[in-house]
Structure formats: C-alpha cells, structure tokens
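Here's the structure, in structure tokens; my notes come after.
The values are calculated or read from the model by the stated rules, or taken from the named source; none is laboratory data. Just so you know, these numbers come straight off a predicted model, no measurement behind them. Note: ideal-geometry Cβ built from the backbone for every residue, glycine included; neighbour counts use all protein chains shown. These area figures cover heavy atoms from the full protein model, side chains too; ligands, DNA and RNA do not enter into them. Shrake-Rupley method; radii C 1.70, N 1.55, O 1.52, S 1.80 Å.
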Amino acid sequence: SYNATEWREGSGDDEVAFRTEHISRSTCRAVSEFAFAHARRTHARVFGGPKFTVSPVYEGMLKEEMDDAAQRYPDVAYEPQLIDATYALLLTHGGDALVIPALNRDGDCLSDFVLQLFGSIAGAESLLLGFTEDSTRPHVVMAEAPHGTAPALLGKNIANPMAMILAAASLLSFSVDPRCKLASRAMYEATFETVRAGTRTADLGGHSFTDEFTAAVVEAVRNKLELWGSLGMS
C-alpha cells in the first residue's frame, strides 16, 4: 500500500525513521482471483509473487490468496516465485504469456523493468481496475500510458505514441459492444504489425516521427475494419 504512515523520531545520528503500511485480505483475494481469471482468458501462466519468506505476515497474505486461487483454477499453470527470483527469471523467459500478481512497489518496478526488456516504457498500456463483489470482472476501468509526462519531448514529434494507442485499445476491449471489441483487436494488431514492418520511433531503433507512426497505425486499423466488414465480421 502507498498509504503508509511515516514519521521520524530523535535527531542527529540517533534519528530513526518509521513506516507502517497495510493490505487487506479482500484486496489480496481480488488481485489473486483476477490474476487467475485473466490468465485463463489469455492462456497465460500465473508467475512470481511476494517475498513471503521474510515477510510471512504482511506479504504472506498475498501468497496465501494466490495459493487459494490456484486451487480454484486447476487448469491455469501456476509457478510461484519470490519477487527477487522473479526479476532474475524474467531475464531468461521469452515468449510465454505471464500474469504476475505483485504488491504496489514491486509492481511499479516490474512494469518499468519488463517494458524496457521489450523496447521502452512507451511500448505498452497501463490499466487501473476497480472491483466490487465479482473479482473476475472489474467494475471500473481506467486506461493510461504508464510513462507519465515527458516535457523534454514536447513539440518535437519524436515521442512513441504506442502506449496511448494501446491504452485506448485496451479500454475498448472491456466494452460489451462487439464493435468496440473488434476495434480493440484491430488497434492491437495494427500497432504491433506496424512495428514489425519497420515503422518505429527512435526509442525502438527506428526513424519515424510520432505523426508518421500514428498515421500508419490508423491506416492499418482502417484497412482491417474494412476487410473484416466485407467478411461479415461485426
């Protein structure tokens, strides 16, 4: 939790800093349930986990809920690892879809680390999910680019727009309208096909400008939707 209470006592070399934080059983259960449900939908493996060996009370709560969820989803591959081992193993894993439940600080580090492994932090979207009683489907979804602002790139037409494009695609995927889901699929496919075809911004080793990359994706989306429409897909 980032809502920790922090304070200091003493002064000089005797000054001591304190921090208290908490997580709830319900939050750990919701995270674990969604992780396994999402892994089932995407044919992925639930991987990693908290450092429960050194923090059996605090971080152990998430591990307990992950283990319980694994029992409810016997068809989903489950490979629990300590968070430090997870970092190391990610360097040797390739190609397999993974779902990694993590505490806030670990999740922040993982997102930056993993995105850099595959290009740059501008190469993927970020989702904030809110749940009610049903932990398998979010009640509220907010999509965004995880990289934050980049004032140094303002007005230079060199920023990678992938994260914003994929954020829109991801948001559309949660709609119950089949047209939105189809548009989401088209946006995802068009974005990665554009990169594979060699149209890339500088952070991915290319020479395309922001508007050039965006225009290429828009054209690819348009072509896909027209083709799928002619085939009766809606």
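Observations on the model:
- On a per residue basis, segment 189-234 carries 60 Å² of accessible surface, using protein heavy atoms and a 1.4 Å probe.
- Computed from the C-beta positions of Arg41 and Leu117, the FRET efficiency with R₀ = 22 Å rounds to 0.40.
- Helix 178-196 axis, angle to the chain major axis (alpha carbon atoms, nearest 10°): 90
- Normalising the average separation of contacting C-alpha pairs (under 8 angstrom, six or more residues apart) by the number of residues puts the relative contact order of the chain at 14 percent.
- The chain, accessible surface, carbon-and-sulfur percent (1.4 angstrom probe): 57
- Within the same chain, lysines fewer than 8 places from Lys224 are excluded, and of the rest, those with a Cα less than 22 Å from its Cα are Lys181.
- For segment 1-97, the set of GluC sites (Glu not before Pro) satisfying both a DSSP loop assignment and a count of at most 10 other C-beta atoms within 10 Å is given as Glu15.
- Over all distinct Cα-Cα pairs of the chain, the Kirkwood formula returns a hydrodynamic radius of 20.1 Å.
- Efficiency of FRET from Cβ geometry, Ala77 and Ile23, R₀ 22 Å, rounded to 0.05: 0.30
- The trypsin sites (Lys or Arg not before Pro) found in segment 104-184 that occupy coil by DSSP, while having at most 12 further C-beta atoms within 10 Å, are Lys156.
- Our note on the geometry: Cα centres of segment 10-55 and segment 87-123, 16 Å apart.
- If you plug the beta carbon distance of Ala88 and Glu219 into 1/(1 + (r/R0)^6) with R0 = 35 Å, you get a FRET efficiency near 0.25.
- Rounded if a/c under 1.5, otherwise prolate or oblate - segment 98-223, Cα gyration tensor axes: oblate
- Taking the helices alone, the chain has a mean residue ellipticity at 222 nm of -14500 deg cm²/dmol, built from -39,500 (n - 2.57) per DSSP H run of at least 4 residues and averaged over all its residues.
- Summarising the overall dimensions of segment 38-137 from its C-alpha atoms, the Rg and Dmax are 13.8, 37 angstrom.
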